[in-house]
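Report on one structure; see the data block that follows.
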Amino acid sequence: MPPYSNLTLEDVIKELQNTTDWEKRRRLIQRLASLREPKALPFLLKLLDEEKDPYFRRWIVAGISKLYEEGKPAYEKMVELLKNDPDFLVRKWAAAALGNMRAKEAIPILLEVLQSEDEAEVRGQAATSLAKIYATGEEVESALLNLLFDGKTFIARSRAAEALGWVAGPNVIPQIEKAVQQELITPQTAKFCITRLKARHGML
């Protein structure tokens, strides 16, 4: 077999169908996730339905997320995983997939995740996905500000601040400055967000 990095989609599918070796499957699934080929989507979805190993399922969903808008036929499956999968990393990658799909219909679902998800990494990814979809409005701003001040981890709070920089109005600038004063985010993150806000609203 050629080096994994040289395998085509057809090679990967053939090898995956003919091996049960854990390490070989790991490398094949990682290669499949890295290909970013839309025609791989049906196979990725089939593999996801059949796969029981949490490690492999994370990589499969990560692969779907990298298809961007061309992965949109997987929308319903990503929503199902985001809402119900017991593995928080699968939920995180499902949230990433919805953002990369630019799926505006996912905005209410991502907002619900910001409010109800226990895992900070998933909430942080939901914030980033809202920014990628360019979700705007008072409800989005309020949810992101809640994560900025109540997020359990530094990463989740930073993701919220960065998302505000992309989608909020300039009225949130004092809140970002307050978050810095409370050491919830770094001055560098705040500077990026405020500069982005001002640039978007013609304030520079």
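The values are calculated or read from the model by the stated rules, or taken from the named source; none is laboratory data. Only a predicted model underlies this, so the values are computations on that prediction, with no experimental measurement involved. Don't worry about glycine lacking a Cβ; one is built from the backbone with ideal geometry, like all the others, and counts go over all protein chains shown.
Points worth noting:
- Which listed residue, of 110, 89, 67, is in contact with a Pro (Cβ under 7 Å, 6 or more places away or on another chain) and not charged (D, E, K, R): 67
- Against the test of being within 19 Å of residue 201 (Cα to Cα), assigned to a helix (DSSP H, G or I) and either touching a strand residue (DSSP E or B) at 6+ places or on another chain (Cβ under 8 Å) or modelled with pLDDT of 95 or more (or both), the options 163, 106 yield a single qualifying residue, 163.
- All of 184, 204, 197 fail the test of being more than 14 Å from residue 146 (Cα to Cα), outside any helix (DSSP H, G or I) and in contact with a helix residue (DSSP H, G or I) (Cβ under 7 Å, 6 or more places away or on another chain), apart from 204.
- In segment 109-118, residue surrounded by the fewest Cβ atoms within 10 Å (Cβ to Cβ) [restricted to those that are in contact (Cβ under 8 Å) with a residue 24 or more places away in the chain and assigned to a helix (DSSP H, G or I)]: 115
- Any hit, segment 119-128, residues being in a helix (DSSP H, G or I), more than 23 Å from residue 26 (Cβ to Cβ), modelled with pLDDT of 95 or more and more than 15 Å from the chain's Cα centre (by Cα): no
- Every pair of residues 6+ apart whose Cβ atoms lie under 9 Å, when the first sits in segment 181-193 and is small (Gly, Ala, Ser) while the second is modelled with pLDDT of 95 or more: 190/161; 190/176; 190/177; 190/179; 190/180
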